[in-house]
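Asks: This structure is in structure tokens; I'll ask about it shortly.
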Amino acid sequence: MSGGPLPIEPLTKTAFAPFGDVIETDGCETRVINQGFALRRHDLARVEIGDGGRTCVSIFEARRRPRPLAIDMLEKHPLASQAFYPLSREAWLVVVAEGGEEPDLSTLRCFRARGDQGVNYAAGVWHFPVLTIAERQGFFIVDREGDAPNLVERFFAPDEVRFVEES
Ligand SMILES: NC(=O)N[C@@H](O)C(=O)O
Ligand code: NI
């Protein structure tokens, strides 16, 4: 199956709901804490850590991939969620697909996340590894560390590869 260029959609909670959470403060519960010297933007994403693993915090330092941007594989983490929050206020890209054992490539979607938006992939959600628009961008990561393997990759046949339609 091959499709044309992959359009870029704005990242919204509604559109991203089948894949996990959008980490953003719009509409969130906000608590005044620390005697009024801080605000808590509460419970923005649901972290799932399964199969005896532990929660792990990391920082990714991602680099811009060559353009045109080829989506030639997807991966998933069956045992845990994976959250990304940008460390700089630059827009970035999120590529996901529905599917279970295998990704449903007809559902491949590309979202443009604002620099104040992150995502949390629910466990088992097919996604492309982190994608920057900027030359370099850091991300705060919350996912799983553990002995059980938690990475499944699916590389595409040449005629399945899609290119992101960036202006
Ligand atoms: N390999 C790794 O930790 N990163 C990927 O899972 C990713 O989604 O970027
Ligand atoms: Ni991943």
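Asks: Given the residues Arg89, Arg65, Arg154, Arg54, which is the only one that is closer than 19 Å to Phe19 by Cα, at pLDDT 95 or above and either open to solvent by 80 Å² or more (accessible area, probe 1.4 Å) or not polar (S, T, N, Q) (or both)?
Replies: From the options Arg89, Arg65, Arg154, Arg54, the qualifying one is Arg154.
Asks: Hey, another quick one. Please go through the stretch 92-101 and give me each residue that is within 13 Å of ligand 2 (Cβ to nearest atom) and open to solvent by 60 Å² or more (accessible area, probe 1.4 Å), ordered by number.
Replies: Answer for the stretch 92-101, where residues must be within 13 Å of ligand 2 (Cβ to nearest atom) and open to solvent by 60 Å² or more (accessible area, probe 1.4 Å): there is none.
Asks: Let me ask another. If you scan the stretch 84-102, which residues turn out to be in a strand (DSSP E or B) and more than 14 Å from ligand 1 (Cβ to nearest atom)? Don't jump to the end; show me each part of the working.
Replies: At the first step, the residues of the stretch 84-102 found to be in a strand (DSSP E or B) are 84-86, 92-97, 99.
Hit for the stretch 84-102 is Gly99, nothing else.
Asks: Among what's in the stretch 52-83 and is touching a strand residue (DSSP E or B) at 6+ places or on another chain (Cβ under 8 Å), not in a strand (DSSP E or B) and not small (Gly, Ala, Ser), pick the residue that is nearest to ligand 1 (Cβ to nearest atom). Walk me through it before giving the result.
Replies: At the first step, the residues of the stretch 52-83 found to be touching a strand residue (DSSP E or B) at 6+ places or on another chain (Cβ under 8 Å) are 53-65, 68-83.
Pick out the ones that are also not in a strand (DSSP E or B) and you get 53, 64-65, 68-69, 72, 77-79, 81.
Among the residues that remain, those that are also not small (Gly, Ala, Ser) are: 64-65, 68-69, 72, 77-79.
Numbers: Arg64: 14, Arg65: 12, Pro68: 20, Leu69: 15, Asp72: 15, His77: 6, Pro78: 12, Leu79: 12 Å.
Step by step, filter the stretch 52-83, then rank; the result is His77.
Asks: Considering only the stretch 15-43, how many residues are within 30 Å of Leu108 (Cβ to Cβ), out of contact with any helix residue (DSSP H, G or I) (no Cβ under 7 Å at 6 or more places or on another chain), among the aliphatic types (A, V, I, L, M) and open to solvent by less than 50 Å² (accessible area, probe 1.4 Å)?
Replies: 2
Asks: Next question, about the same structure. When the stretch 22-70 is examined, which residues are found to be in contact (Cβ under 8 Å) with a residue 60 or more places away in the chain and hydroxyl-bearing (Ser, Thr, Tyr)?
Replies: Within the stretch 22-70, Thr25, Thr55, Ser58 meet the criteria.
Asks: Restricting to the stretch 106-120, give me the number of residues that are more than 13 Å from ligand 1 (Cβ to nearest atom), touching a residue at least 60 places away in the same chain (Cβ under 8 Å) and not aromatic (Phe, Trp, Tyr).
Replies: So the count comes out to 9.
Asks: Do any residues in the stretch 142-156 that are near ligand 1 (Cβ under 10 Å from one of its atoms) have Cβ atoms under 7 Å from those of residues that are assigned to a loop (DSSP other than H, G, I, E, B) and open to solvent by 50 Å² or more (accessible area, probe 1.4 Å), where the two are at least six apart or on different chains, and which pairs are they?
Replies: Asn150/Pro78
Asks: While we're looking at this one, here's another question. Just wondering, is there one or more residues in the stretch 126-140 that are open to solvent by 60 Å² or more (accessible area, probe 1.4 Å) and without any contact (Cβ under 8 Å) to a residue 24 or more places away in the chain? Full working, then the answer.
Replies: Of the stretch 126-140, the ones open to solvent by 60 Å² or more (accessible area, probe 1.4 Å) are 135-136, 140.
Subsequent filtering for residues that are without any contact (Cβ under 8 Å) to a residue 24 or more places away in the chain retains none.
The answer is no; no qualifying residue exists.
Asks: Is it the case that Ala123 is buried (at least 20 other Cβ atoms within 10 Å of the Cβ), at negative phi, within 16 Å of ligand 1 (Cβ to nearest atom) and not in a strand (DSSP E or B)?
Replies: Yes; evaluated as a whole, the condition is true for this residue.
The values are calculated or read from the model by the stated rules, or taken from the named source; none is laboratory data. Fair warning: this is a prediction, and the values are worked out from it, not measured in the lab. Every residue, glycine as well, gets a Cβ built from its backbone with ideal geometry; the counts of neighbours run over all protein chains shown. Ligands, DNA and RNA are stripped out before the accessible areas are found, and what is left, the full protein with its side chains, is counted by its heavy atoms. Shrake-Rupley method; radii C 1.70, N 1.55, O 1.52, S 1.80 Å.
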